[in-house]
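The values are calculated or read from the model by the stated rules, or taken from the named source; none is laboratory data. Fair warning: this is a prediction, and the values are worked out from it, not measured in the lab. Quick reminder, even Gly has a Cβ in these numbers, built from the backbone with ideal geometry, and neighbours come from all protein chains shown. Just the protein is used for accessible areas: all its heavy atoms, side chains included, with ligands, DNA and RNA removed. Shrake-Rupley method; radii C 1.70, N 1.55, O 1.52, S 1.80 Å.
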Amino acid sequence: MTPSRRAVIASSLALAACRGQAQTPPAPLTLPPLKRVAPFPVGAAISVGALEDPAYRALLLANFSQVTADWEMKMEQILQSDGTFSFAKADLIAEFARENGLRLHGHNLIWYIYSPEPFQRVAGDRSAFERAYANYILAVAGRYRGQAVGWDVVNEPVAEDGEGYRDCLWRQALGMNYVATALKYARQADPEAVLFLNDYNLESNPKKRATFLRLVEDLMKQGAPLGGLGTQTHLEADLAPGAIKAAIRDLAATGLKIHVSEFDVTLQGHPLTSRAAKLNGQARLAGEAAEALAALPSAQRYAFTTWGVRDKDSWLRHAPNAGDGDDSPLFFDDDGRPKAAAAAFERALGRS
Ligand code: XIL
């Protein structure tokens, strides 16, 4: 073929490509399994319902080495209105983890949003309340003793705006000591599990992070059996570069284990920003979070957990958080294909 003919063909292909006529879709990403690349356990929030899908189970087992129950181990599921406990759903999660050699992270024992009837009935009697409080924590954490590698003992203790701590039934009944008391009973129930405080917006709200760390410091000073800090890392795609690194740096300065405990990056909101730009932001943040956790001493790298497996499994695709219904917050798309965020996560770890 003469050079001029080759040039003509090349330029016409280029022109057609510019017009989108000859564009071929980008080749689907093929990545090594996440858990093979990471120098820490890679976890996912799972649910009993999602486990019924064989494709979901295959994707989960290929990429993740740790699981957290999305809701089955929460008080709303376990504590019945008559004060009895139902572990049926929680046991299904634990059994799946055990059968598949997955680490199990317990979530969560005490959360400000719950004020169930059995506790309200004794709210006026401090010793009765503490007995019920102890009984619940001992029963739940005790049930998975020897299997749960860690527990979110108190979830989201800091006020939304970072000004002080949440008002909740637990604090009304026991004072702020409800946190240390929960840690005490969790340690009594399970001598081995790493006991966590877990909260969100610690990256985007330095005041909230400082208030969280003041509580941590108080607990450590009083010798509470606190072993780790969970930063949920539910992010927006435009979070400033460096915010994740600063948060993990500050949390790790305590010397405690660090869990990126509920990673996702929503594409909801910011209507003026294109979906493509938000997906780029999502990938940037996945890389920064991976790099920040990998940079810690190995003894402090507890795990990196995404809050779901595929986009369609995300809590951000289901009421009441579903927004426009087509959020894409995780590492795998609805069909289980890895996204740019997964590639950025692995690239960052390859550099670490
Ligand atoms: C969410 C679950 O994903 C939803 O399925 C449920 O309806 C509400 O709770 N921070 C937490 C998690 O600590 O427990 C929440 O999980 C998400 C925010």
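Couple of notes before you dig in:
- Report summary: the helix-based calculation at 222 nm, which adds -39500 (n - 2.57) for every DSSP H run with n ≥ 4 and divides by the residues of the chain, gives -12500 deg cm²/dmol.
- For D333, distant residues with modelled amide H under 5 Å away: D311, K339
- Dipole magnitude (debye, nearest 20) for the chain, charges at Cβ of Lys, Arg, Asp, Glu: 1220 debye
- Heavy-atom accessible surface of the stretch 35-348, averaged per residue, reaches 38 Å², computed with a 1.4 Å probe.
- Nearest 10 degrees, 0 to 90: helix 178-189 Cα axis against the chain principal axis: 90 degrees
- Rounded to the nearest 10 square angstrom, D161 shows an accessible area of 90 square angstrom against a 1.4 Å probe.
- Pairs of alpha carbons in the stretch 256-352 whose separation is greater than 15 Å (percent): 62 percent
- Listed residue (P118, Y200, P32) projecting farthest to the positive dipole end of the chain, Cβ model: P32
- For N205, the shell of other residues with beta-carbons less than 15 Å away shows a net charge of -4, using +1 for Lys and Arg and -1 for Asp and Glu.
- Qualifying lysines (Cα of each under 27 Å from Cα of K74; at least 8 residues distant if same chain): K35, K89, K184, K208, K257, K312
- Model label sites at D53 and S115, defined 7 Å from Cα along the beta-carbon direction, differ in position by 3.7 nm.
- For the stretch 181-257, convex hull of alpha carbons as volume per residue, Å³: 86 Å³
- The Cα-based radius of gyration and maximum Cα-Cα distance (Dmax) for the stretch 35-348 are 18.7, 56 Å.
- Mean separation of Cα contacts under 8 Å, 6 or more apart, over the residue count of the chain: relative contact order %: 16 percent
- Since only G106, V42, L219 are under comparison, the one whose Cα sits farthest along the positive direction of the charge dipole of the chain, derived from C-beta charges on Lys, Arg, Asp and Glu, is V42.
- Remark: the stretch 52-57, residue by residue, has Karplus-estimated 3J(HN,Hα) of 6, 8, x, 5, 5, 4 Hz, where x stands for each Gly or Pro and the curve is 6.51 cos²θ - 1.76 cosθ + 1.60 at θ = phi - 60°.
- When the Cα positions of N177, N155, V140 are compared along the charge dipole of the stretch 127-193, V140 comes out farthest toward the positive end, with charges on each C-beta of Lys, Arg, Asp and Glu.
- This model, with +1 at the C-beta of Lys and Arg and -1 at the C-beta of Asp and Glu, gives the stretch 140-219 a dipole about its Cα centre of some 260 debye.
- Percentage of interatomic Cα-Cα distances in the stretch 108-208 larger than 19 Å: 43 percent
- Rounded to the nearest 10 Å², the accessible area of I46 at probe 1.4 Å: 0 Å²
- Which of R187, R209, R351 is most accessible, then next, and so on - probe 1.4 Å: R351, R187, R209
- What a 1.4 Å probe finds exposed on the chain is 54% carbon and sulfur by accessible area, rounded to a whole percent.
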